[in-house]
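Below is one structure; the comments refer to it alone.
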Amino acid sequence: VAKAQIKVLPKFVLLGILAAGVVVSGSRNAVLLYVGLVLVTLILPSIIVRLQLVLILVITAGVLAAPFLIDQLLTLTNSGSVVHRLGAIDSIGRLLNLRDMQQVFFGDGASSTPRLFSEGLLQRDGFEAVDNQYVLLLAQSGILGLVVIVGLFIAAFRRSSGVLRLMLPGAYAEAMIFDLLTWPSTGFILWVLIAVAVSAEKVTRKKMAIRETADGGPPQEERFEKTPKFATT
């Protein structure tokens, strides 16, 4: 909406409607994301030419806010949220050592998570959400399932370029603190990003450059590097 080629008034009306929906959702993360996207979309193109000034302002703001940021960091590291996510890492050893070999390699299935919590193989703090997609894959799909998905993540990143190169690592990092593929809203977005990246066909363009060498040798062929070309399917 912010970048649409429409008049200013309808644009801000639509942005206001979206903002109302975001606020009604009750999610602080959604509000922060909305504000951040709007600011980046509207302001970033005009200030990117003043990058030096922006860096000075950011550094100055960081210095002034340092005491507050350090206090918030200490609060965050001692919060139950961080402890819970560290518990997901700690449960990897139990998932590998306290299950049968078949379960270790193939997992316990998609509906097994409540049982794994009750058996103490996952976090033991009473909050039954793994909040780590990789650990969840290890629990439900085993080592083989984890390898397949991570391999697909790597393949998508290697075939990506441009903005996808920035978005995919961000999504992969988020999967360390959130069951990204469990929820349709986030899983849909990630699979779309991966599909776009994987669909990029690697093609080699050749250009024959006929030129004489200094000593009158045969013509030489110039090869160009592989470039990504998005499939039309």
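Read-outs throughout are calculated quantities, based only on the coordinates presented, and are distinct from any laboratory measurement. Here the structure is a predicted model, which means the values were calculated and not measured. For neighbour counting, all protein chains shown are included, and Cβ atoms are generated from backbone atoms with ideal geometry for every residue, glycine included.
Worth pointing out:
- Relative to the Cα centre, the charge distribution of the range 107-188, modelled as +1 at Lys and Arg Cβ and -1 at Asp and Glu Cβ, gives a dipole magnitude of about 440 debye.
- Total formal charge among the other residues, if their Cβ is under 15 angstrom from that of Leu180, Lys/Arg +1 and Asp/Glu -1: -2
- Placing a pseudo-label 7 Å from each Cα along the Cα-to-Cβ vector at Leu39 and Ser112 gives an inter-label distance of 4.5 nm.
- Between Ile189 and Asp125, the contour length at 0.36 nm per residue exceeds the alpha carbon distance by 20.0 nm.
- Proximity of backbone amide H atoms, modeled 1.01 Å from N, is registered between Ala200 and Ala231 at under 5 Å, excluding neighbours fewer than 5 places apart on the same chain.
- 3J(HN,Hα) couplings calculated from phi for the range 179-195 with the Karplus curve 6.51 cos²θ - 1.76 cosθ + 1.60 (θ = phi - 60°) are, in sequence order, 6, 4, 8, 6, 8, x, 4, 7, x, 4, 4, 5, 5, 5, 4, 5, 5 Hz; Gly and Pro show x.
- Between Ile56 and Leu15, the FRET efficiency estimated from the beta carbon spacing at R0 = 22 angstrom works out to 0.15.
- Taking 0.36 nm per residue of separation and subtracting the Cα-Cα distance, full extension of the segment from Val83 to Leu64 would add 3.9 nm.
- Maximal additional length on extending the Ala4-Met101 stretch stands at 29.4 nm, based on 0.36 nm per residue less the C-alpha distance.
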